[in-house]
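Only one structure is covered here, and it is reproduced in the block below.
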Amino acid sequence: MDKLIITGGVTLDGDIRISGAKNAALPILAATLLADEPVTVGNIPHLHDITTTMELLGQMGVGLVVDEKLNIEVDTSTIEKFYAPYELVKTMRASILVLGPLLARFGRAEVSLPGGCAIGSRPVNLHIEGLARMGADIEVKNGFIHARAKRLKGAHLVLDQVTVTGTENLMMAATLAEGTTIIENAAREPEVVDVARCLIAMGAHIEGAGTDTLIIEGVQRLGGTHHYVLPDRIETGTYLVAGAMTGGRVKVKDTNPAMLESVLEKLEQAEIKLNTGDDWIEVDARGQRPQAIDIRTAPYPAFPTDMQAQFTALNSVAEGSGMISETVFENRFMHVQELQRMGADIKLEGNVAITQGIKRLTAAPVMATDLRASASLVLAGLVAEGDTLVDRIYHIDRGYERIEEKLAQLGARIHRVPG
Ligand code: EPU
């Protein structure tokens, strides 16, 4: 298993380009299953989760061609299986996203039930209940979701909880259903909007993307398109925090500040200077130590749970004390114990992490348990005294494209040790 070694204490300075959003690219690749003509997807990040999705589509018989610009052309005309095996679903929960499209277009799907994961139990009951409300015949047996439907029917769905992939799965399924589907309490994340944009370009009738009510008028078929994936707002936020924590200057390009309002607001509260343009953000923290801040995670447009771990790391070295409440996932504080091993003063009380900032963390061997937790350990390593060794970085490779190259471009002393 590869590891990262980071020698702390370098002030980051430089510019980097942000990749396409993992959490948009994954559902969009699943959405291609709905089209009866080839769909090309551009700005796909080079990540392990993308490879897993390609493997998932490939083993169904779907044709995939990657061109020299790394666009992926997906051709579903050769599909022969409607199946997502446990071996792939267990490594990537987002595999559940093929359920809605397979069922809507081919009338059947067998998808392994994802298990619990490092950040909580993460059930998929709302995906299943929604599809059942649209007329699917669904049975959960031997660890698999077995779903059948002649043609799904439009339904009025009110989601009990805001769910990102749940909204995407139901929206995708509804595009080919008979009649109108209304999804209330829908997720408003920019990635959901990007999936809707792609579906609309394929011929779907969707209104309300970006609001909490989606209205989808089912159509008979969807066709081909070329879709360019939006920038990754979580990758963007992670590098901005890296700049802020190291007292440096980091400019992130090819991104969109409008998608990060709640994150930028928190950086401003931490008294970090920000400059923004249409597609770039610069954090300028030279000669400055961030002020600790209070944060409460919640669905978009509130502060994203996917940035919680990184801000916990920031608070660990900030001036003063801060309180971070996690309300989206039940168990997303696995990084806290590892940060404590690097000297951080953090107390966990239920779903709240109370930090008392210290001037300098100390290096330690640490281990990552999930993607964003791993990112927070890398950030901590950048400001720790000594060499931090981050183990199990396959979690990072699932969601951050070439993290060590991008950080090295900003001046960080970081390298990968193959294991
Ligand atoms: N939930 C249910 N039942 C369901 C679905 C969700 O109870 O059927 C609960 C979950 O247990 C959780 C809450 O609803 O407490 C929200 O979960 P959501 O369904 O929104 O999460 P997700 O769709 O599985 C996506 C991202 C996550 C991100 C969350 C929240 C993708 C592929 N994944 O997950 O990304 O944390 O939304 O914003 O889009 C990451 O990139 O590191 C990551 C974990």
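No lab work stands behind these numbers, since they all come straight from the coordinates. No experiment lies behind these values; they were computed from the predicted model shown. Using ideal geometry, Cβ is built from the backbone for each residue, glycine included, and neighbour counts are taken over all protein chains shown.
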Quiz item: Taking only DSSP H segments of four or more residues, each worth -39500 (n - 2.57), what value at 222 nm results for the chain once the sum is divided by all its residues, to the nearest 500 deg cm²/dmol?
Solution: -9000 deg cm²/dmol
Quiz item: Shape of the stretch 364-408 from its Cα gyration tensor (a ≥ b ≥ c, root eigenvalues): rounded if a/c is under 1.5, otherwise prolate when a/b > b/c, or oblate?
Solution: oblate
Exercise. Rank the residues VAL89, VAL219, VAL98, VAL164 as a footprinting-exposure proxy: fewest other Cβ atoms within 10 Å of their Cβ go first.
Key: VAL219, VAL164, VAL89, VAL98
Quiz item: In degrees between 0 and 90, to the nearest 10, how far off the longest principal axis of the chain does helix 233-245 point, with axes built from Cα atoms?
Solution: 0 degrees
Exercise. Assign one of three labels to the stretch 52-208, namely rounded, prolate or oblate, based on the Cα gyration tensor with a ≥ b ≥ c the square roots of its eigenvalues; rounded applies when a/c is under 1.5, prolate when it is not and a/b is larger than b/c, and oblate otherwise.
Key: rounded
Quiz item: Tell me which lysines have Cα within less than 25 Å of LYS253's Cα, excluding those fewer than 8 residues away on the same chain?
Solution: LYS22, LYS69, LYS266, LYS273, LYS406
Practice problem: Note the full-extension length gain between THR276 and GLN59 as 0.36 nm times their separation in residues minus their Cα-Cα distance, in nm to one decimal. | Solution: 73.8 nm
Quiz prompt | Under 25 Å from the Cα of LYS153 - lysines, other chains or at least 8 residues apart | solution = LYS81, LYS141
Self-check item: Compactness of the stretch 162-217 - radius of gyration and Dmax, Cα, Å
Solution: 9.6, 27
Self-check item: Amide N of the stretch 314-329 lying under 18 Å from the label point, which is placed 7 angstrom from the Cα of GLN356 along Cα→Cβ
Solution: 314-324
Practice problem: Please give the helix 190-201 orientation as an angle from the longest Cα principal axis of the chain, in degrees from 0 to 90, rounded to the nearest 10. | Solution: 30 degrees
Quiz item: Pick from ALA270, ALA173, ALA25: which is most flexible by mean-square fluctuation in a GNM of the chain where alpha carbon atoms under 10 Å apart are linked?
Solution: ALA270
Quiz item: For the stretch 88-123 and the stretch 392-412, what is the separation of their C-alpha centers, rounded to whole Å?
Solution: 27 Å
Quiz item: For all pairs of alpha-carbon atoms in the stretch 121-170, what percent lies in each bin of width 10 Å, listed from the first bin to the last filled one?
Solution: 25, 54, 21, 0
Quiz item: In whole angstrom, and with the biggest value first, how far do the Cα coordinates of the stretch 1-115 range along each principal axis?
Solution: 56, 33, 20
Quiz prompt | Relative contact order for the chain, counting Cα pairs under 8 Å that sit 6 or more residues apart, in percent | solution = 22 percent
Quiz item: Taking only Cα atoms, what is the 0 to 90° angle, nearest 10, from helix 22-31's long axis to the longest principal axis of the chain?
Solution: 10 degrees
Quiz prompt | Pairs of alpha carbons in the chain whose separation is greater than 31 Å (percent) | solution = 38 percent
Quiz item: What translational D, rounded to a whole number of µm²/s, comes out for the stretch 172-321 from Stokes-Einstein when the hydrodynamic radius is the Kirkwood one over Cα pairs, at 10 °C and 1.306 mPa s?
Solution: 93 µm²/s
Quiz item: What ranking do ILE396, ILE138 get, fewest neighbouring Cβ atoms within 10 angstrom at the top?
Solution: ILE138, ILE396
Quiz item: For the residues LYS266, LYS22, what sequence is obtained by ranking on other C-beta atoms within 10 Å, fewest first?
Solution: LYS266, LYS22
Quiz item: When the Cα centres of the stretch 68-86 and the stretch 261-314 are compared, how far apart do they sit, in Å?
Solution: 37 Å
